[in-house]
């Protein structure tokens, strides 16, 4: 191994392109909406070099926009190269920030390409006895290879790297380094528009180079070459070959500072790097490359006897405010069996109560072959008897005077309902608190919060149970391991509460947290536990019918295409559309050209096959996501589907749902309506009651803007879209056609979502000038809305955030971005968030108030779903009139607005009929 010091010179542009295209199909978008793919990939590659190669010196070299000597020799040089994608250009400042934070110098020399600068530095380093590694995928650099200069060439995918040295060149190309220039001159380079000698490909070029050594010798011997084709190519394109040789030859005499000591690797900057990576949400890079772990005092104990459990309960009652957490066997709380409890009320102290498997868990059928093994293992399982633990802890957990805190406590509350424990006194959820403080983040899990706020790396769940098909159940892990893990969870949750609670108060979010978000947790537990019944026969019949429709569509598509292909393969579809049918190509992806919905919708205007593909995709998605999936989600114990409501996902404050995602079932398509028909009452003599806010976001806009015309429209109970059409298009309300109303609706919602003339033009399929005129007319008639928009953006710039009526905040750091697209996105978000966020607050307050009244009045009706601005109930026929009155009162009176709030109510035998 060489004892020489090592210099790594990174071709910045190449590495940035490689990083960008590595994530082209699944870009990394952080919680602020920023695409960080290229910055992440670049950082990952540089850290790999720093940690695995241990360089003594390192630098990154970038191209500059100025023309070089190659452009003077050949004006068409690089003329065919595609413009850098905007999404990548937007990330270059971030890449530079990563490089600078890592303490790596950036080198740029105007009028010279990075290739020439890197080559000059490598040659000078060689003179000083330093070994250079050129980090690039550009084969032009192979000409520089010698004993002390090598090319560090990342492969197209993955982490693998080729070290290109003289031996590699001889083995892979059959050439010596000094022959590379001539070889490249012959084959040319389409990416740089270097012509080469047309008619001579890589195979011919290598054969000629191996026999004659140089381009000049080949040209001198052209009359003696076998075959007419080679001679013709050399006769015709000899001049192009000579020019190409000049273009591919790297200049090693660039006027650049070659003091290599300035490139010395700097250490001790870890804190700044970690801080930047936290900001960019590069958690995996922090975990992989920065090992510092804060040590915390930890006194964790296992409660192994009933006497110890009694002692624990006495302490918990004295504490009157504690953290609790469950360990279970399943990610679905309504299918989970209890493995143990953990408790904490002093930082650094926690207690774990292991629980043996109960009869219900032991009774789970796992097949006759394993039944005896299951029984034997359960007898050996350590833990206190489930029945005794439940009897002891139930009064404590159901006592509303004892305050409880948890991390994602909704899960624990739901899991305990299976043991007939209805947890009360829930006072704090660290996940919900983190979400309110930073709603744009998607990293509210305990591992991330512990690292972010405590600089502490928790034991990941996978360290106990593994991953994938070999994953264990928590029941199979030793009590000792589970005890420490569970106590750590409770301890970290307590420490986080002590940090997050003051932050909520400082940000004036505490009232929202205590009065809306925490009470909502209990409501969601009830709604999820209630679940909803399904008509499985309807879904089964629908699956058969849609399957036949898909088969028919397939055949129609094949007929139009003139051949059979895999419709679900984007690559095969791309070939049919763009190569065979010669349709206009859209944006490029890593594997070809995009065939996403927006592309197919545009192509559908000029050819019938894209429309058929869109129909096929929509049917196939609804079939797989809902029609076939819903019956599989039915809980075998309850016979109902229990969706999970996500309280900490949408930055606006909206709830989302998963397993199944109720929000995405379309109402405007026939198939979507058929699926809604499958949601039915689960009991005899019950009906579905649907309550939907009418145009609530526009009503909130009217309140926030105080616009007289908009307020008057709602006070007079007029159709807002008809009224807007009349005002904007200068016609009487009775003259408003369906098309004009549709356009007015697009304008109403477009303005509210911050849409500009280009976006509106696209939606209405009109010119940008027409769209601009529509917006001008709109603001002329609704001046209060324009004032609201301008004021909101100004306040967002001043404060860095916007708020809802209940003071929910959304931070918008990008509103000061130099990147125009990011800044404009932040401005649109600033306009929309107060409206959509207030609508979210409104329905949450309504849900809490309805839940409380159902309980207080001992009604049998159940709240079973929340979807967008809509609440769905399962109601006994005898309670329909009472429920309609109750729901209307609470929904319309949840928050006071300066305009009326209207709720549309419907009753039916299923969800569709009731809407």
How far, in nm, would the chain grow between residue 633 and residue 621 when pulled straight, counting 0.36 nm per residue and subtracting the alpha carbon separation? 2.7 nm
Label of the coordinate-derived value, Kirkwood radius over Cα pairs in Å, listed as [x] 34.3; [y] 29.6; [z] 32.7: [z]
Could you work out the per residue convex hull volume over the alpha carbons of the range 533-639, in cubic angstrom? 119
Roughly what angle does helix 270-280 make with the longest principal axis of the chain, taking Cα atoms, 0 to 90 degrees, to the nearest 10? 70
Length gained if residue 398 through residue 310 is fully extended, taking 0.36 nm per residue and subtracting the Cα-Cα distance, is 30.0 nm
At 0.36 nm per residue, and after removing the present C-alpha to C-alpha distance, how many nm does the segment from residue 670 to residue 480 gain when stretched out fully? 62.9 nm
Share antiparallel - DSSP beta bridges, the chain, percent rounded to 5: 65
What FRET efficiency comes out for residue 780 versus residue 160 if R0 is 51 angstrom and r is the Cβ-Cβ distance? Round to the nearest 0.05. 0.25
Over the alpha carbons of the range 701-834, what is the largest minus smallest coordinate on each principal axis, giving the biggest first in Å? 46, 34, 19
Could you give the angle, 0 to 90 degrees to the nearest 10, between helix 696-705's Cα long axis and the longest principal axis of the Cα atoms of the chain? 80
Label residue 896 and residue 568 with points 7 Å out from Cα along Cα→Cβ: what is the distance between them in nm? 5.7
For the chain, longest principal axis from Cα atoms; helix 536-561 axis from its Cα atoms; angle between them, nearest 10 degrees, is 20
Model label zone, residue 766; criterion: amide N under 12 Å from point 7 Å along Cα-to-beta-carbon; scope the range 778-800: 778
Points 7 angstrom from Cα along the Cβ direction at residue 712 and residue 735: gap in nanometres? 1.8
Measuring from label point to label point, each 7 Å out along Cα→Cβ, what is the residue 856 to residue 362 span in nm? 4.6
With the label point 7 Å along the Cα-to-beta-carbon line of residue 663 and a cut-off under 12 Å to each amide N, the hits in the range 838-857 are 840
Which FRET efficiency value, to the nearest 0.05, is calculated for residue 228 and residue 176 with the Förster distance at 30 angstrom and r the Cβ-Cβ distance? 0.55
A convex hull over the alpha carbons of the range 602-709 yields, per residue, a volume in Å³ of 194
Could you tell me how far the Cα centroid of the range 395-443 sits from the Cα centroid of the range 314-354, in Å? 11
Which Rg and Dmax, in Å, describe the Cα atoms of the range 62-170? 15.7, 42
Computed D for the range 299-507, Stokes-Einstein, Kirkwood radius over alpha-carbon pairs, 37 °C, 0.692 mPa s, to the nearest µm² per second, is 185
One finds, for residue 83 and residue 515 with R0 = 56 angstrom and r their Cβ-Cβ distance, a FRET efficiency to the nearest 0.05 of 0.60
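Where a number appears in this text, it was derived from the coordinates with a stated rule and is not lab data. Computed from a predicted model, the values in this text were never measured in an experiment. No Cβ is skipped: glycine too gets one built from the backbone with ideal geometry, and neighbour counts run over all protein chains shown.
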